[in-house]
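The structure under discussion appears below in the form of structure tokens.
The values are calculated or read from the model by the stated rules, or taken from the named source; none is laboratory data. Predicted model, so just to flag it, every value in this text is computed and none were measured. Cβ placement follows ideal geometry from the backbone for every residue including glycine, while neighbour counts extend to all protein chains displayed. Areas reflect the complete protein model, heavy atoms only, side chains present, ligands, DNA and RNA absent. Shrake-Rupley method; radii C 1.70, N 1.55, O 1.52, S 1.80 Å.
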Amino acid sequence: MKTNEKAEWLALSQHFQQIKDLHLGSLFRENPKRANQMTLEGAGLYLDYAKNRIVPETMSLLLDLAQSAELTTEIERMFSGERINRTENRSVLHMALRHPTASPYIVNGVDLMPEVGGVLSRMEQLAVQISTGQWLGYTGKPIKNIVNIGIGGSDLGPVMVYEALKAYSNRDLTIHYVSNVDSSHLTEQIFGLNPAETLFLIASKTFTTQETMANANSAKAWILDGLCSEAATSRHFIAISTNAAKVVEFGIDPEYMLGFWDWVGGRYSLTSAIGFSLMISLGVGNFHRLLAGFHAMDKHFRETPHAENMPVVLALLGVWYNNFFGCQAQAVLPYNQYLSRFPAYLQQADMESNGKSVDREGNPVSYQTGPVIWGEPGTNGQHAFFQLLHQGTKLVPCDFIGFAKPVNPLGDHHQKLMANFLAQQEALAFGKGVTELRAEKIPENLIPYRTFEGNRPSNCILAEKLTPESLGSLIALYEHKIFVQGVIWNIFSFDQWGVELGKQLAEKLLPVLIGEDKMEEKHDSSTLNLINYLLRHQ
Ligand code: G6Q
């Protein structure tokens, strides 16, 4: 049966009609225990979801919907290694990457942990050699700069965590991340670096991605040019990949290849060897703390009843706004500058996973799936797009993420940050009405402009402090939230066929732009004109 034809979905539609106009102000006034009833804790995180446009019945109806999608079974199917990524015929087992190495993770009778632990040990050996100056470049100099070349899932996670945990990193080493095929990215990231002190990590699951291989080849040329020897490659390149043949073809010794497995999806690969740059930068201990945070949330997700399960509750609230309120977007607002790349990371995790319009039976869906994810750190966002959140015509549910302790205590900066954090959630939920404005003697003609209708929902996610553990839990919280939504929407969250067409067309266009192929009339008139413009002006 189609998801939106189920009795549970229809019950939610009816319920929506009954409660859609209730205001958060009155919901809080009527139930003084509301916040206590809508707070969860787990894996070092605290979730207050009381400022959502729900009543207790909403949650129980949403939980019924989850049950109708056999969520418990689906979670077990994923954890036990069933090939739930059906269009690519793969298991989805990123949870094994952060499973304690001393305890087994059995899939089809085979323990995955010896292999996972083996790669982790190799990563540790190499990371220690590099960070302690034992790994010498071709001319005998220790490494000072690491350049990670990768894109999409082989870039966004590491960059995000590198920024997020900078305070925990070894400041003697600088990690640069290059993803874009735009030569400016590589040029700027290696600007001023000495090839003799630079190590490239080529992070690519397939080792065939156009952008990554273009950057890797240019990096190799830069090393060879700078160090004047083919033999230099072996001291200045490490590969992170599942494709040993391509790694060797590129010229990297398999001894310096860190592997992973086809059951690790690109955007879920941060805790695999793809995170090697992080282990170098953060140190082995902090990297394991990050893994422990992920694992704590994996455990919470697998073992906690749905009603108290943070990823499940967040997912269901997302479904409520997406499918019943008709919200198109979801804002993610970390009140922490270190999390500046977190929304961009989540954009890929969420939109590449759930930006789908065909269900698991191959039929077009007749309901909305993944929302547009966007955001910026607070308080910067407040001086930019918050106007629309407060007074615009669109309802955008927001996730606020904050921490009780600052990473860098400095006067009352943190209290100011968190006062804003709380104030924005209050303002969105409760607004400001005419009576209050008149009491403040606001001129009548300005009252319409100065009114805040409120009733704009938000979740509040808190942790004691931004640490490797809390960051790991936070990322895993969203990973599993995305999974739950995919289950409810009956879509495949772990493939990404939607990125293929553009890649294929780019391959056909490239020969035209480099003059190896004549422009044929096979393109539309707009594309032909654009090609002409580029050829005339290049
Ligand atoms: C993520 C996607 C995609 C992938 C990149 C890089 O889930 O699969 O973003 O990570 O296309 O692919 P490679 O690691 O193979 O270069």
request  = Output the residues belonging to segment 506-535 that are within 16 Å of the ligand (Cβ to nearest atom) and either at positive phi or open to solvent by less than 60 Å² (accessible area, probe 1.4 Å) (or both).
outcome  = ALA506
key: Top-ranked residue of segment 1-20 - restricted to ones that are open to solvent by 40 Å² or more (accessible area, probe 1.4 Å) and outside any helix (DSSP H, G or I), ranked as modelled with the highest pLDDT   = LYS20
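Residue-wise test of (1) under 26 Å from TRP320 (Cα atoms); (2) surrounded by 10 or more Cβ atoms within 10 Å (Cβ to Cβ).
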position	(1), (2)
GLN415	no, yes
ALA419	no, yes
GLN424	yes, yes
LEU428	yes, yes
GLY433	no, yes
ARG438	no, yes
ASN445	no, no
TYR449	no, no
GLY454	yes, yes
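Would a scan of segment 277-291 turn up a residue that is of a type in the set (Val, Ile, Thr) and either without any contact (Cβ under 8 Å) to a residue 40 or more places away in the chain or crowded, with 24+ Cβ neighbours inside 10 Å (or both)?
Yes, segment 277-291 contains a residue that is of a type in the set (Val, Ile, Thr) and either without any contact (Cβ under 8 Å) to a residue 40 or more places away in the chain or crowded, with 24+ Cβ neighbours inside 10 Å (or both).
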message = For the condition out of contact with any Phe, Trp or Tyr (no Cβ under 9 Å at 6 or more places or on another chain), within 30 Å of VAL499 (Cα to Cα) and within 15 Å of the ligand (Cβ to nearest atom), what is the one hit in SER204, SER184?
response = SER204
inquiry  = Among (1) among the β-branched types (Val, Ile, Thr); (2) out of contact with any helix residue (DSSP H, G or I) (no Cβ under 7 Å at 6 or more places or on another chain); (3) surrounded by 12 or more Cβ atoms within 10 Å (Cβ to Cβ), there is one condition ILE488 misses while meeting the rest; what is its number?
reply    = (2)
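Using the structure shown, decide if ALA315 is away from the ligand (no atom under 16 Å from the Cβ) and either buried (at least 24 other Cβ atoms within 10 Å of the Cβ) or at pLDDT below 95 (or both).
Numbers: away from the ligand (no atom under 16 Å from the Cβ): yes; either buried (at least 24 other Cβ atoms within 10 Å of the Cβ) or at pLDDT below 95 (or both): yes.
Against the criterion (away from the ligand (no atom under 16 Å from the Cβ) and either buried (at least 24 other Cβ atoms within 10 Å of the Cβ) or at pLDDT below 95 (or both)), ALA315 qualifies.
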query = Regarding GLY117, is this residue in a helix (DSSP H, G or I) and in contact with a Lys or Arg (Cβ under 8 Å, 6 or more places away or on another chain)?
reply = no
key: In segment 323-336, the residues that are surrounded by 17 or more Cβ atoms within 10 Å (Cβ to Cβ) and either assigned to a helix (DSSP H, G or I) or within 16 Å of the ligand (Cβ to nearest atom) (or both)   = ASN323, PHE324
note = Quick count over segment 148-181, residues being without any contact (Cβ under 8 Å) to a residue 60 or more places away in the chain and within 16 Å of the ligand (Cβ to nearest atom), is 5
ask   = Only one of (1) more than 30 Å from MET351 (Cβ to Cβ); (2) of a type outside the set (A, V, I, L, M, F, W, C); (3) assigned to a helix (DSSP H, G or I); (4) open to solvent by 60 Å² or more (accessible area, probe 1.4 Å) is not met by LYS503, so which one is it?
value = (1)
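When segment 1-53 is examined, which residues are found to be among the hydroxyl-bearing types (Ser, Thr, Tyr) and either within 30 Å of ARG98 (Cβ to Cβ) or touching a residue at least 12 places away in the same chain (Cβ under 8 Å) (or both)? Full working, then the answer.
Filtering segment 1-53 for residues among the hydroxyl-bearing types (Ser, Thr, Tyr) gives 3, 13, 26, 39, 46, 49.
If the condition is that a residue be among the hydroxyl-bearing types (Ser, Thr, Tyr) and either within 30 Å of ARG98 (Cβ to Cβ) or touching a residue at least 12 places away in the same chain (Cβ under 8 Å) (or both), then THR3, SER13, THR39, TYR46, TYR49 are the ones that fit.
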inquiry  = What pairs come out if I take residues in segment 492-504 that are closer than 10 Å to GLU88 by Cα and of a type in the set (Val, Ile, Thr) and pair them with residues that are at pLDDT 95 or above and crowded, with 17+ Cβ neighbours inside 10 Å whose C-beta lies under 9 Å away, six or more apart or interchain?
reply    = none
request  = Only one of these is on the phi < 0 side of the Ramachandran plot and open to solvent by less than 30 Å² (accessible area, probe 1.4 Å): SER169, SER121, SER131. Name it.
outcome  = SER169
Residues of segment 339-378 satisfying the condition of being surrounded by fewer than 22 Cβ atoms within 10 Å (Cβ to Cβ), among the aromatic types (Phe, Trp, Tyr) and in contact with a Pro (Cβ under 8 Å, 6 or more places away or on another chain) = TRP374
ask   = What pairs can you find where one residue is in segment 340-364 and over 22 Å from VAL161 (Cβ atoms) and of a type in the set (A, V, I, L, M, F, W, C), the other is more than 11 Å from the ligand (Cβ to nearest atom) and at pLDDT 95 or above, and their Cβ atoms are less than 9 Å apart, with a gap of 6+ or different chains?
value = VAL358/PRO364; VAL358/VAL365; VAL358/ILE491; VAL358/PHE492
remark   = Just one listed residue, out of HIS390, HIS414, is farther than 23 Å from ASP350 by Cα, touching a Pro at 6+ places or on another chain (Cβ under 7 Å) and outside any loop (DSSP other than H, G, I, E, B), and it is HIS414
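Among the listed residues GLN210, GLN189, GLN134, identify the single one that is within 16 Å of the ligand (Cβ to nearest atom) and farther than 17 Å from LEU258 by Cα.
Details: GLN189 fails: within 16 Å of the ligand (Cβ to nearest atom); GLN134 fails: within 16 Å of the ligand (Cβ to nearest atom).
Going through GLN210, GLN189, GLN134 in turn, the sole match is GLN210.
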task = Please enumerate the residues belonging to segment 36-83 that are touching a strand residue (DSSP E or B) at 6+ places or on another chain (Cβ under 9 Å), under 29 Å from THR467 (Cβ atoms) and small (Gly, Ala, Ser).
result = GLY44, ALA50
